Amino acid sequence: KLIHSAYKDYIENNLERKMYNDFPYVFIIQGEDMKTIDCKEIVDAVKKLCIQININMPNDVKEALVNSINDEDSMIGRRILEDILLNGQIASRKEIPMCQDTGMIVVFVEIGQDVKIINGSLSEAINEGVRLGYREGFLRKSVVKCPIRRGNTEDNTPAVIHFDIVPGNSLKIHLGAKGFGSENMSAVKMLKPSDEVKGIKDFVIETIKNAGGNPCPPIIVGVGIGGTFDKVTMLAKKALLKDLGQRHEDSYIGDLELELLKEINELGIGPQGFGGKTTALDLHIETFPTHIAGLPVAVNINCHASRHGEIIL
């Protein structure tokens, strides 16, 4: 318990002291590459991003919509795609939300193991950023306190936050505003291994067919395959964060993405469900190892707005 005075200043300046039951003091040395991030930085960055993703359509989505107009055979479909682009331009110019459903915030956090968060809680900093962003950006608050008894939280919190510890000394926050017109049409199914790839394709196509025009097509489809009941739904959500046109690094899965996208666009649902060949702008798959007895599959649908963005601190 007594520390030699010669080392006292060094310890107080360089080490973080913690109390444990077995030992009076445990000292943890900070590495040279340790980065310190103040919660105030996180709050400010999340606040700004909440506003930006709700008013600015991503460039990859704009490009995909323009290309779809040229390929769309339906006159009504082409007009709707043009209106979607015009709506995005107006929202950006007037700095207003591109959709009245400004979504529930879903966050994927990659925190480097050499990062130290100071002056608060990381989770609360993210939620405070959401709280301020939705208040200052005049965005609709859509989150209720209890899923059964309801009651609006009046600040669009709490956000749904997924944490992942990774090597390095940076903090990456990927944030999405998920509207529930599309979220409500998503689905999960615990297939058997004997269902094989045909069962996966049949389930994905059936889910999109049942969704029809409800998720405001043209949609973006995230598919999760593998893991467990809870893991597969997160994989499907995470798949929506990819840039349009980005294929899976495994060429077999990449080919499956394109095959499913083609079949979806042959359903004839079309823009806003009024018919046409532009039902989906893209489809992404994320996979994870699973149990020998399982083949979990999840489909998470996103509307064309695809509101998401990334912060790296």
Q: Quick one: dipole size for the chain, taken about the Cα centre, charges +1 on Lys/Arg Cβ and -1 on Asp/Glu Cβ, in debye to the nearest 20.
A: 1060
Q | Greater than 20 Å apart at Cα, pairs in 62/178; 48/178; 201/262; 116/231; 62/277; 189/238 | A | 116/231
**Q.** Stretch gain in nm, segment residue 67-residue 192, where the contour uses 0.36 nm per residue and the Cα spacing is subtracted
**A.** 41.2 nm
Q.
Can you give the FRET efficiency to the nearest 0.05 for residue 154 and residue 252, using r as the Cβ-Cβ distance and R₀ = 35 Å?
A. 0.15
Q | Mean separation of Cα contacts under 8 Å (6+ apart) over length of the range 168-245, as relative contact order % | A | 25
Q | Spin-label pair residue 93/residue 56, simplified geometry with 7 Å Cα→Cβ offset, distance in nm | A | 1.8
Q. When DSSP assigns beta bridges and you keep just the ones with both residues in the chain, what percent turn out antiparallel, to the nearest 5?
A. 60
Q. Hey, what do the phi angles of the range 91-106 turn into as Karplus ³J(HN,Hα) couplings, whole Hz, using 6.51/-1.76/1.60 and θ = phi - 60°, x for Gly and Pro?
A. 4, 5, 5, 8, 6, 10, x, 6, 9, 5, 8, 8, x, 9, 7, 10
Q: Could you tell me what percent of the accessible area of the range 180-306 is made up of carbon and sulfur, with a 1.4 Å probe and every protein chain present?
A: 56
Q) Cα atoms only, the chain: Rg and Dmax in Å? A) 22.9, 83
Q.
I need to check one value: relative contact order of the chain, counting alpha carbon pairs closer than 8 Å and at least 6 residues apart, in percent.
A. 23
Q.
Applying a 10 Å radius around every beta-carbon, put 191-200, 289-298, 216-225 in order of their mean neighbour count, most first.
A. 216-225, 289-298, 191-200
Q | Ordering of 52-59, 116-123 by packing [mean C-beta count within 10 Å, highest first] | A | 52-59, 116-123
Q: Using the 4.7 Å Cβ rule, please list in number order the cysteines from the chain without any candidate partner.
A: 39, 50, 99, 146
Q: Please say if the range 106-170 is rounded, prolate or oblate, where rounded means a/c under 1.5 for a ≥ b ≥ c the square roots of the C-alpha gyration tensor eigenvalues, and otherwise the choice is prolate for a/b larger than b/c and oblate otherwise?
A: prolate
**Q.** Net charge contributed by nearby residues that have their C-beta within less than 12 Å of residue 60 (K/R +1, D/E -1)
**A.** -1
(Q) Using a 10 angstrom Cβ neighbour count of at most 14 plus a DSSP loop assignment to flag exposed chymotrypsin sites (Phe, Trp or Tyr not before Pro), which longest range of the chain is free of such sites? (A) 139-273
Q: Would you mind calculating the relative contact order of the range 180-306 from Cα pairs under 8 angstrom and at least 6 residues apart, reporting the percent as a whole number?
A: 45
Q | Per-selection Rg to Rh, the range 180-306 - Cα, Kirkwood hydrodynamic radius | A | 0.94
Q: Please give the per residue accessible area of the range 180-306, computed with a probe of 1.4 Å over protein heavy atoms only, in Å².
A: 44
Q: Would you mind telling me the antiparallel percentage of the DSSP bridges in the range 180-306, rounded to 5?
A: 55
(Q) Charges on Cβ only, +1 for Lys and Arg, -1 for Asp and Glu, centred on the Cα centroid of the chain; of 170, 236, 133, which one is farthest towards the dipole's positive end? (A) 133
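The values are calculated or read from the model by the stated rules, or taken from the named source; none is laboratory data. Because the structure is a prediction, the values reported are computed rather than measured. Every residue, glycine as well, gets a Cβ built from its backbone with ideal geometry; the counts of neighbours run over all protein chains shown. SASA here: full protein model, heavy atoms, side chains in, ligands and nucleic acids out. Shrake-Rupley method; radii C 1.70, N 1.55, O 1.52, S 1.80 Å.
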